[in-house]
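Derivation of every value follows stated rules applied to the coordinates shown; laboratory data play no part. Note that the structure is a prediction, hence the values are computed from the model and not measured.
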């Protein structure tokens, strides 16, 4: 999964510029291009659309594309949604529940993440369009497994200095769409656990590693041993 923050723009007039030379506006909108590989990819919408309904966020994808989300409350995957077109789509081209063929009600807002199945035999570019979230932002990290993403189109380091919540035993891993495998788990360990410093360590060898920096539009799993919901708090302003 490759992500490119292509532009930031003034939505009303469509003026575009690079992130290195941003246009300032009370409501900054832009787009993020994410390259998906054939089959499954773990991605996320980092922008606020007019609404974050699946048909708003992922319009016009190839027929047969699939979306699968994680239900943190039930600790299981939700039902699949499928993109149908033409005679296969009872209510017009769009996303439907794969089991019931009822129009999908899934919401793909910033902070969440989902698996996207690219039905093409080659890579497919998915473009997220919307308003850049700004101000004081917060993403909940519930107990057990959750599927999350950054609330902004940035690549934050998953460290306390970036507002990321860490507790002893927290785990991180993601999915490599190019090779169709889950990545190695990383554990947050403390000096009290016998490691040289607090930080991220490989799950099997206890080797210290740099903090993950998920790309814009990337999703990842967290496993939290906490009995209460943690909060990933960050402040982000384009101006």
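Results, tabulated for the structure shown:
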{"item": "Calculated diffusion of segment 54-125, Stokes-Einstein form, Kirkwood radius summed over Cα pairs, 4 °C and 1.567 mPa s, µm²/s", "result": "102 µm²/s"}
{"item": "Extent along principal axes [Cα atoms of segment 136-236; Å; largest to smallest]", "result": "35, 33, 23"}
{"item": "Cα-based radius of gyration of segment 183-225 once divided by 2.2 N^0.38 Å, which approximates compact folds", "result": "1.24"}
{"item": "With 10 Å bins from 0: P(r) over segment 49-95, alpha-carbon pairs, percent", "result": "26, 44, 26, 4"}
{"item": "Value of Rg to Rh for the chain (Rh from inverse mean 1/r over Cα pairs, i.e. Kirkwood)", "result": "0.98"}
{"item": "Extension gain (nm, one decimal) between residue 138 and residue 198, 0.36 nm per residue minus Cα-Cα", "result": "19.2 nm"}
{"item": "Relative contact order (%) - the chain, alpha-carbon pairs under 8 angstrom, separation at least six", "result": "25 percent"}
